[in-house]
Each structure stands twice: as structure tokens, then as C-alpha cells.
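Bear in mind that the values in this text are calculations on the coordinates, not laboratory data. Keep in mind that this is a model prediction, so the values were computed, not measured. Cβ: placed from backbone, ideal geometry, glycine included. Neighbour counts: every protein chain shown.
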Amino acid sequence: MKNFHSHFVQMVLAGMLAATTVFAQESEENPAETVEETVTPQKPVKLYRPPREHRGFYFNASLGATYVGFNYKQSDYQYKHHYDYNNNDYSYSYERVVEEVYEFNDFAIPTLGLRFGRSFGNLVALFFELDFAMLIGEGKYSETSYERNFDNQYSVLGSSPQNLKEKNSKDDDAYGFYSFVGVGFTFYPFRNPHSVMNGAFFSIANGFAFFGEDINHNKENLHQTFEILDYEMQVEIGKDWWISDTWSVGLSIGYLYTFGASDDSENTFDSNVISFMFRVTRG
């Protein structure tokens, strides 16, 4: 019995040793696999822009003809006076007035317009605008001088008639330059792509317009020039037609309006600028 117990222990130990050896050999032949996670970098999400809609970057180029008409009047005053020792004051006897008028009425061909901005929601586009044109036509310059009497008792203007002294008026070839710089928006109210009114729009812009004119009196070898910068508002209506998913062509008519007097109550400036444009628009 004692021998049986000893042999049994030896057999158990030998079995455990054999199992350990086999497990070690299998571990060496089949090492544990290491799982590696490969992180794939995510690509930036590209925003989807629906075709034939006013969204994102906005660009517009226009080319056409513009009717430009303006009238600028400036006045200069010269007073004749003497000192009234009885009243210890100056006494004016009359004033001499010189009025100069510059006019231009003609078409400016070609006229170029550029707009840069951004459109939102297939509804509105905000933009910065630059327009310019060369003026070639007929200009008119007139100069009127007269004297206006004062009341004899008071240093105020009397009711006596004006005494016309001189009046000159000349029509001749004129050259000039017109430009407009401003900001504004274009509104597209008809967003249904199947509507016949899709692409119709109206625009409003505010900014500054520059007018310059050189009247060349060839017979007298004389030039009459003037320049002015004035605050203006521009309105425009038209319609665009899509020719691709992002580009459209169209036609428009616009009007530029002058706000009030130029620099003071004596110098006044009026303008009328009507444009007829062919447009190419992106966005």
C-alpha cells in the first residue's frame, strides 16, 4: 500500500511536469497576438452647396451703357462797403455776384461695375461695389455776373432790381470721369427654382460718387474744369438666368440719386445717372 501511494504521487508529478512542458512549447510556437487599433484620420466635412442657389462667395461683373447728367452751380460774392462813423459800423452799398454753372448730359460707353461679397440663404447678397466710366460728350459752361443793391438805411438787401452786368454761355466738347464706391445688398425674393420669376432681384447701395469734367473750348484754347465728390444712393432691378450650377447671366437697369447740396447752401449739385447693364454673377 505504501508503494502504491508513492507511485501515485510520482505519476501525478510527472503528469503535471509533462503538461507544463507541452503548454510552454505551444506558447512558444503560437505566441499571443497583439491587437493594434489603427486610427483613421477623419476627413474634414465638406459643406454641400445646393446647385443654382445664391450661397457663399458672391461676385458680379457688369458691362453696359450709362446716361450721365449733372448740373453744378457755384456762387461767389464780393461786397462794396464803407465805414459808417455815425453808427460805428460798416455800411454795405451793394454786392457783386458771380455764378458759374457746369453741365453735362450724355452717354458713357462703356461703363464697368464690380461687386464682391457673400450671399446667404438663397435670399440676399451683401457686397462692396466699384463702378467707373469715361465721359465723352457735350458740356456747357455759363458765367453770370450782376450787382445787387442794398437798402440805403439798413444793411440788408433791398428790393431794387438786379443789375445784370455780364453773361457768358459756351457749349463745347467735354471729357470726364465718373465713379461710384459703396456697399449694398441684392435681394432675391423668388426662391422657387421652377418659378418664371426665379432670378429676379433688386439692389440698394449707398456710397460716394465722383464726377469730373473738362470742357475744351477749342476756338479759345481754354479749358473749364471742375471736380466733386458727393454722397449717393443707387437702386437697381433686373433678372438673372442660371447657365450652370454656380454662374448666371442677366440684365439690369439702375438709377443713382444725389442727396442735397454739395458743400453749402450756395453751391448746389444735381445728378441723374441711369445705367443699362449686362451682368455675369457667381454665387
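Among 51-60, 238-247, how do they line up by average Cβ neighbours within 10 Å per residue, starting with the highest? Walk me through the intermediate numbers first.
Values: 51-60: 17.3, 238-247: 14.7.
Ranked by mean Cβ neighbours within 10 Å, highest first: 51-60, 238-247.
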Grab the other residues whose beta carbon is less than 12 angstrom from that of Phe116, score K and R as +1, D and E as -1, and report the net.
+2
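Using a Förster distance of 45 angstrom, determine the FRET efficiency expected from the C-beta separation of Ala61 and Tyr146, and round it to 0.05. Walk me through the numbers before you get to the answer.
Values: r = 50 Å, r/R0 = 1.11.
Approximately 0.35, to the nearest 0.05.
Between Phe185 and Arg52, take the C-beta separation as r, use R0 = 22 Å, and let me know the FRET efficiency to the nearest 0.05.
Values: r = 20 Å, r/R0 = 0.92.
The computed FRET efficiency comes out at 0.65.
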